[in-house]
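Written out below as structure tokens is the structure these notes cover.
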Amino acid sequence: MSGQIEFRVMELLCSRLCHDLISPVMAINNGMELMAEDSGAMADDIRDLLTMSAAAAAAKLQFYRIAYGMGGESAAPVGLAEAGRLARGLVEDGKIAVDWPENGAASTAELSREATKLLLNLVLLGIEALPRGGTVKVRVRQAGGPEIVVEAAGENAGLKQESVVAMSPEVDLEALDARSVQGYFVTTLAKRLGTTTKVREEGPGGVSLSVVLPG
């Protein structure tokens, strides 16, 4: 039974990944068709479309390769600066800004690859919590063990109820779908690292997600 449950989660994550990739990939396909039909006045606009769509697809693939891909002890670590580049690349449409820790007090902790994976998945939840855009603010600091805090702030910011339910211990796995599975996956990653995710509403227009990793 557990194998079937894990297979279902894998299917849902794949569905989510394909959903996020279909828009830029279809834009590339449409641009190629237009280029074949019209190489005149619209050529520059079509090339711009192709360039932007290819960059968006590449950014999403690079992000999800780390966020959903294989980790473990044999995998190369991903630095905090590289993780920030991946996160910013995911939101280059301009609706959402990513405030990432630079060198200094907010980035004193070093993260393993698995912890970085958890961080990027928390960022995905933060992005989900901003239906009208806003800012995802990330802080990583030492607090016994490394502490990761992801704050989402914007108009109508907040986790969807299905995501909150998916993060609870009483979640019905059969009720998960491609949207709510992200909350379950974050909880699973945190549990694997020996910690839990805390969700706190920050008044109207804000939500905070935090984990403290074992020292």
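No value in this document is a laboratory result; all are computed from the given coordinates. Predicted model only: the values in this text are computed from it and were never measured. All Cβ positions, even for glycine, are placed from backbone atoms using ideal geometry, and neighbour counts span all protein chains on display.
Under a 10 Å cutoff between Cα atoms, tell me which one of V186, V164, V138 has the largest fluctuation in the Gaussian network model of the chain.
V164
Specify which residue in the list M32, I148, A87 is farthest towards the positive end of the charge dipole of the chain, using unit charges on the beta carbon of Lys, Arg (+1) and Asp, Glu (-1), about the Cα centre.
Working it through, the farthest residue towards the positive pole turns out to be I148.
Rounded, prolate or oblate, given the Cα gyration tensor of region 124-169, with a/c below 1.5 counting as rounded? Spell out each step's value before the answer.
Details: a/c = 3.66, a/b = 1.34, b/c = 2.74.
It is oblate, given that a/c is not under 1.5 and a/b is not larger than b/c.
Determine which residues of region 147-173 fall in the zone a paramagnetic label at D99 would reach in this model, i.e. backbone nitrogen under 11 Å from the point 7 Å along Cα→Cβ.
Residues passing the 11 Å test: 151-154.
Would you mind calculating the gained length between T188 and R141 on full extension (0.36 nm times residue separation, minus the Cα-Cα distance), in nm to one decimal?
On the way: separation 47, 0.36 × 47 = 16.92 nm, distance 2.20 nm.
Taking T188 through R141 to full extension adds about 14.7 nm, to one decimal.
Relative to the longest principal axis of the chain, what angle (0 to 90°, nearest 10) does the C-alpha long axis of helix 2-37 take?
Its long axis makes an angle of about 20 degrees.
May I ask for the net charge around G183, where only other residues with Cβ less than 10 Å from the Cβ of G183 are counted and Lys, Arg are +1 while Asp, Glu are -1? List each step's numbers first, then the result.
Working: positive: K160, R179; negative: E128, E162.
Cβ neighbours under 10 Å give a net charge of 0.
When the helices in the chain are scored as -39500 (n - 2.57) per DSSP H run of 4 or longer and the sum is shared across all residues, what 222 nm value do you end up with, to the nearest 500 deg cm²/dmol? Mind dumping the intermediate values first?
Working: 6 runs with 106 residues, N = 215.
Result for the chain: -16500 deg cm²/dmol, rounded to the nearest 500.
Which one of L159, L50, L119 has the biggest mean-square fluctuation once the chain is modelled by GNM with Cα springs under 10 Å?
L50
For N156 and S15 in the same chain, what is the full-extension length gain: residue separation times 0.36 nm, less their Cα-Cα distance, in nm?
Details: separation 141, 0.36 × 141 = 50.76 nm, distance 2.61 nm.
Extra length from N156 to S15 when fully extended: 48.2 nm.
If you take every residue apart from E102 with its C-beta less than 14 Å away from the C-beta of E102, what net charge results, scoring Lys and Arg +1 and Asp and Glu -1? It would help to have the intermediate numbers written out before the result.
Values: positive: R85, R88, K137, R139, R141; negative: E82, D99.
Once all neighbours under 14 Å are counted, the net charge is +3.
Using a 10 Å cut-off around each Cβ, can you sort R65, R141 from fewest to most neighbouring Cβ atoms? Numbers along the way, then the final one.
On the way: R65 12, R141 15.
Going from sparsest to densest Cβ surroundings: R65, R141.
Say the dipole of region 90-215 comes from +1 at the beta carbon of Lys and Arg and -1 at that of Asp and Glu; which of G133, S163, S210 then lies farthest toward its positive end?
S210
Please give me the summed charge of the neighbours of H19: other residues whose Cβ is under 12 Å from its Cβ, Lys and Arg +1, Asp and Glu -1. Each step should come with its number before you reach the end.
Details: positive: R16, K60, R179; negative: D20, D177.
Summing Lys and Arg as +1 and Asp and Glu as -1 gives +1.
Work out, in µm²/s and without decimals, the Stokes-Einstein translational diffusion coefficient of region 102-178 at 20 °C, 1.002 mPa s, Rh from Kirkwood over C-alpha pairs. Intermediate results must be reported in sequence, preceding the final value.
On the way: Rh = 14.0 Å.
Diffusion coefficient, whole number: 153 µm²/s.
Using only Cα positions of the chain, each an equal point scatterer, no hydration layer, compute I(q)/I(0) via Debye at q = 0.13, 0.18 Å⁻¹ and quote the log10 values to two decimals.
The calculated log intensity ratios at q = 0.13, 0.18 Å⁻¹ are -0.77, -1.35.
Nearest 20 debye, what's the magnitude of the dipole of region 115-159 about its Cα centre given +1 on Lys and Arg Cβ and -1 on Asp and Glu Cβ?
On the way: 5 positive and 4 negative charges, 28 e Å.
The calculated dipole for region 115-159 is roughly 140 debye.
Quote the charge dipole size of the chain about the Cα centre in Debye, to the nearest 20; the model charges only the Cβ of Lys and Arg (+1) and of Asp and Glu (-1).
Once rounded to the nearest 20, the dipole reads 700 debye.
Choose one answer from I66, I96, I28: the residue with the largest mean-square fluctuation in a GNM of the chain with alpha-carbon springs under 10 Å.
Looking only at I66, I96, I28, the largest GNM fluctuation is found for I28.
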